[in-house]
1. Go through the range 48-74 and give me each residue that's of a type in the set (A, V, I, L, M) and surrounded by 15 or more Cβ atoms within 10 Å (Cβ to Cβ).
2. Considering each residue of the range 21-46, count those that are surrounded by fewer than 21 Cβ atoms within 10 Å (Cβ to Cβ) and under 18 Å from the mean Cα position of the chain (by Cα), and give that number.
3. From the set of residues in the range 272-301 that are of a type in the set (A, V, I, L, M) and part of a helix (DSSP H, G or I), which is most open to solvent (accessible area, probe 1.4 Å)?
4. Conditions: (1) assigned to a helix (DSSP H, G or I); (2) in contact with a helix residue (DSSP H, G or I) (Cβ under 6 Å, 6 or more places away or on another chain); (3) modelled with pLDDT of 90 or more. Residue 125 meets all but one. Number of the miss?
5. Applying the selection to the range 77-99, what residues are of a type in the set (A, V, I, L, M) and in a helix (DSSP H, G or I)?
6. When the range 93-109 is examined, which residues are found to be open to solvent by 30 Å² or more (accessible area, probe 1.4 Å) and out of contact with any strand residue (DSSP E or B) (no Cβ under 8 Å at 6 or more places or on another chain)?
7. Could you list, ordered by first residue, the pairs with Cβ atoms under 7 Å in which the first is in the range 100-121 and farther than 17 Å from residue 174 by Cβ and part of a helix (DSSP H, G or I) and the second is among the charged types (D, E, K, R) and at pLDDT below 90, at least 6 apart or interchain?
8. Any residue at all in the range 212-233 that's in a helix (DSSP H, G or I), free of Cβ contacts under 8 Å to residues at least 24 places away in the same chain, under 30 Å from residue 124 (Cα atoms) and in contact with a Gly (Cβ under 8 Å, 6 or more places away or on another chain)?
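The values are calculated or read from the model by the stated rules, or taken from the named source; none is laboratory data. Computed from a predicted model, the values in this text were never measured in an experiment. Glycine gets a Cβ as well: all are built from the backbone with ideal geometry, and neighbour counts include every protein chain shown. With ligands, DNA and RNA removed, areas are computed over all heavy atoms of the protein, side chains included. Shrake-Rupley method; radii C 1.70, N 1.55, O 1.52, S 1.80 Å.
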Amino acid sequence: MNKTIIIITGATASGKTDLAIAIAKHFTTEIISADSRQCFKELNIGVAKPSAAQLSSIHHYFIDSHSIEEKVTAITFENYALAALEKIFLKNDIAVMVGGTGLYIKAFCEGLDPIPTVTEEIKEFIKKSYAAGGLKWLQEEVHIKDPEFFKIGEKDNPRRMMRALEVMLQTNRSVTTFQSGKKIKRNFQIIKIGLELHREELYKRINSRVDKMLDSGLVKEAENLYKYKDLNALQTVGYRELFSFFAGEINLSKAVELIKQNSRHYAKRQLTWFKKDEEITWVNAHVQANNVIRRIEEIVR
């Protein structure tokens, strides 16, 4: 049997975790998380980490592996995931990866081109302009100067938007062009499976998940993290809106409304990204895990 990694992806709240655990149990293997926020040990409720029972049933890599004060990038993930995969392959010919961070999955599957260094002058110019004009200015600049990134990027994440603008001003190239160079050929088979739902059902699931997060103590968790609000790890849907509530800029009801709205927008961006990947086999999120497993077994035989 060829060394194989099965990647389960799709939009947030589509049921990726449950399917990945079912597959990992069937093949008696382990899971690598491909989520850019679940790796932070300080974040729990707001990033929808697998439950304690799920984590104890299957070993997960890249969950609670880093601190919010560490710099974690797609290249960080690529190196971490490849090292984890080597450990898994010592015991099993099959591994599982699950998550919705498209750039991390791309980095793992294909590698990423290094992004050029940006001068301090450009960084300082953008910082000062952002301080004066706020997120609206930043969004408008990226929309004009790097429309390709603006289509798929995290528009409400100032760090990501600033990075895109830095690269454009430095190189006169979209940051996305540094993500589309020659693909690295990995020495293992990659099977990609995407979960999809009708938009109305997906949005209903997202709204319900937010309500459950709030019932589980999301407001208190965010309050405890408020002093770290400027860290990149906290530029995250679910925390950022509550930080505005704590700052007195909006009421709690509005914060909850924005969490749901921004989560739906994030899901839409995820699907836009993943639908461009022709290697993904899409299945309905209601599909029985056994049916997916049978399909995988046919491929890896």
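1. Taking the range 48-74 as the starting set, the residues that turn out to be of a type in the set (A, V, I, L, M) are 48, 52-53, 55, 58, 63, 68, 72, 74.
Hits for the range 48-74 are 48, 55, 58, 63, 68, 72, 74.
2. Qualifying residue count, the range 21-46: 4.
3. From the range 272-301, those of a type in the set (A, V, I, L, M) are 280, 283, 285, 287, 289, 292-293, 296, 299-300; that's our starting set.
Of the ones still in play, those that are also part of a helix (DSSP H, G or I) are 289, 292-293, 296, 299-300.
Numbers: 289: 27, 292: 6, 293: 9, 296: 2, 299: 82, 300: 10 Å².
So the residue we want is 299.
4. (2)
5. Residues satisfying the conditions are 81, 82, 83, 84, 85, 88.
6. Let us first name the residues in the range 93-109 that are open to solvent by 30 Å² or more (accessible area, probe 1.4 Å), namely 93, 103, 106.
Once the filter is applied, which keeps residues that are open to solvent by 30 Å² or more (accessible area, probe 1.4 Å) and out of contact with any strand residue (DSSP E or B) (no Cβ under 8 Å at 6 or more places or on another chain), the range 93-109 yields 103, 106.
7. Filtered contacts from the range 100-121: 110/183.
8. No: the range 212-233 contains no residue that is in a helix (DSSP H, G or I), free of Cβ contacts under 8 Å to residues at least 24 places away in the same chain, under 30 Å from residue 124 (Cα atoms) and in contact with a Gly (Cβ under 8 Å, 6 or more places away or on another chain).
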